[in-house]
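What follows draws every value from the coordinates through simple rules; no lab data is involved. Predicted model only: the values in this text are computed from it and were never measured. In this analysis, Cβ positions are derived from the backbone assuming ideal geometry, glycine residues included, and neighbour counts consider all displayed protein chains.
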Amino acid sequence: MLRRKFVKRGLAASAALAVSLSPERVNAGSHRNNPPFNLTYAPHIGMFKHSAGEDPIDQIKFMADQGFAALEDNSLAAREVALQEKIGKTLDELNMEMGVFVGNWEVRRGDGLAKGDPEVREAFLAEIKSSVDVAKRVNATWMTIVLGNRHHRLEPDYQTAHIVETLKQASSILEPHGLVMVIEPLNHLHNHPDVFLSKVPHAYLICKAVNSPSCKILFDLYHQQITEGNIIQNIDYAYEETGYFQIGDVPGRKEPTTGEMNYRHIFRHIHDKGYTGILGMEHGNYHPGKEGESKLIRAYREVDNFL
């Protein structure tokens with residue numbers, strides 16, 4: 001069913017997909033041994049390896065059994081095509097959704113896109129084209145785009161203009177397929193000291209300038225708690241250009257309840273905004289081993305209890 005929906009998506013559909021998806025996404029985990037969550041959280045491969053084993057397919061089945069209705073996999077584009085296809089088939093059988101994968105797996109570090117280097121731009125656009133095929137294999141809608149580093153000898157506004165032009169060209173590749181690239185601000189204070197894009201307002205400006213349903217914001221709550229704070233208000237300001245959320249508590253980048261962030265309140269706010277998309281669990285496990293994985297699931301049950 002999900003794969004058939006993918007081919008029917010057009011440009012008009014992708015505009016709605018960027019912020020909110022069909023109601024059936026919320027109920028995608030309804031046939032599980034454990035009840036579905038109120039929001040669609042997406043674990044990643046490796047998060048439950050002690051409970052499910054090393055096989056990615058067994059891990060996905062375990063996620064579904066726990067009530068999770070989505071998967072995200074940053075490394076998907078680097079995996080063998082046969083495994084990509086097997087992941088897509090498994091998600092389809094389990095009525096699960098695919099969250100983000102990194103769309104520019106190779107062209108994402110170092111000089112990045114801000115310098116405006118024509119060769120880097122062409123390599124980036126070539127990777128976007130290949131990511132369309134990756135997305136189709138797993139019925140994905142979103143791909144994360146990391147813009148790379150800033151350049152200290154070039155005015156920031158020129159760098160932003162280079163980014164906008166490159167993303168406009170990438171959007172023209174993605175729009176016919178109903179796909180959405182989500183650009184991710186990363187914190188420059190702890191994890192990525194030289195990154196070009198570090199704040200949600202800057203990402204909002206870029207998305208407005210690109211002006212495409214195929215270019216939206218990946219609002220990573222961990223990164224933005226470090227860089228800006230003021231999470232609830234920034235969600236409100238940037239919501240119309242936000243296509244995807246990711247989760248991680250501060251400090252430590254582990255599951256909710258392990259740090260300073262009030263995730264129950266944040267999730268309630270996102271839910272009340274009418275968001276029916278995916279929230280990627282891009283964080284580590286606070287506690288080790290199989291028991292730690294059980295505690296992680298219980299933490300999500302706790303913060304998801306906001307209705």
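Of the residues TYR263, TYR275, TYR158, which exhibits the maximal mean-square fluctuation in a Gaussian network model of the chain defined by a 10 Å Cα contact cut-off?
Taking springs between Cα atoms under 10 Å, the residue moving most is TYR158.
Report, in whole Å, the centroid distance computed from the Cα atoms of the range 235-275 and the range 175-209.
16 Å
Can you tell me the dipole magnitude for the chain around its Cα centre, using point charges on the Cβ only (Lys, Arg +1; Asp, Glu -1), in Debye to the nearest 20? Each step should come with its number before you reach the end.
Values: 34 positive and 39 negative charges, 116 e Å.
Approximately 560 debye in magnitude.
Which of ILE87, ILE128, ALA69 sits closest to the plus end of the dipole of the range 52-162, meaning its Cα is farthest towards the positive end, when Lys and Arg get +1 and Asp and Glu get -1 on the C-beta?
Projecting each Cα onto the dipole axis, the largest value belongs to ILE128.
Which whole-Hz couplings ³J(HN,Hα) result when phi for each residue of the range 67-80 is put into the Karplus expression 6.51 cos²θ - 1.76 cosθ + 1.60, θ = phi - 60°, listed in order with x for Gly and Pro?
Per residue, the Karplus-derived 3J(HN,Hα) values read x, 6, 10, 8, 9, 10, 8, 4, 8, 3, 5, 8, 7, 4 Hz.
Take the Cβ-Cβ distance between SER172 and ILE57 as r, set R0 to 30 Å, and report the resulting FRET efficiency rounded to the nearest 0.05.
Values: r = 35 Å, r/R0 = 1.16.
Once rounded, the FRET efficiency stands at 0.30.
Putting +1 on Lys and Arg Cβ atoms and -1 on Asp and Glu Cβ atoms, find which of TYR158, THR257, LEU197 reaches farthest to the positive end of the dipole of the range 2-303.
Comparing the listed Cα positions along the dipole, THR257 ranks first.
Which ordering of GLU240, GLU282 is given by a fewest-first count of other beta-carbon atoms within 10 Å? List each step's numbers first, then the result.
Values: GLU240 13, GLU282 25.
So the ranking, lowest neighbour count to highest, is GLU240, GLU282.
Considering Cα pairs under 8 angstrom that are at least six residues apart, work out the relative contact order of the chain and quote it in whole percent. Intermediate results must be reported in sequence, preceding the final value.
Working: 621 pairs, mean separation 62.6, N = 307.
The normalised contact order for the chain reaches 20 percent.
Using a 7 Å offset from the Cα along the Cα-to-Cβ direction at both LYS273 and HIS152, what is the distance between the two label points in nm, to one decimal?
Those two pseudo-labels are separated by 3.5 nm.
DSSP loop trypsin sites (Lys or Arg not before Pro) in the range 109-216 with at most 11 other Cβ atoms within 10 Å of their Cβ, which ones?
Working: sites: ARG109, LYS115, ARG121, LYS129, LYS136, ARG137, ARG150, ARG153, LYS168, LYS199, LYS208, LYS216; in loops: ARG109, LYS115, ARG150, ARG153, LYS199.
Listed in order of number, the matching sites are ARG153.
Hey, which lysines would be in cross-link range of LYS115, C-alpha to C-alpha under 18 Å, not counting anything within fewer than 8 residues on its own chain?
LYS168
Given the chain, what percent of its DSSP beta bridges are antiparallel, to the nearest 5?
Values: 1 of 21 bridges.
Percent antiparallel among DSSP bridges in the chain is about 5.
Please give the FRET efficiency for GLN233 paired with LEU307, using the beta carbon to beta carbon distance and R0 = 35 Å, rounded to the nearest 0.05.
On the way: r = 23 Å, r/R0 = 0.65.
So the FRET efficiency works out to roughly 0.95.
Go through (i) 1.14; (ii) 0.94; (iii) 1.49 and flag the label whose value is the computed Cα Rg over 2.2 N^0.38 Å for this structure.
Recomputing Cα Rg over 2.2 N^0.38 Å here gives the entry labelled (ii).
Would you kindly derive the ³J(HN,Hα) couplings of the range 235-242 from the backbone phi angles with the Karplus curve 6.51 cos²θ - 1.76 cosθ + 1.60 (θ = phi - 60°), listing them in order in whole Hz, with x for Gly and Pro?
4, 5, 4, 9, 4, 5, 10, 9
Can you list residues from other chains, or at least 5 along the same chain, whose modelled amide H is less than 5 Å from the amide H of GLY248?
So GLY248 has HN proximity to LEU221, TYR222.
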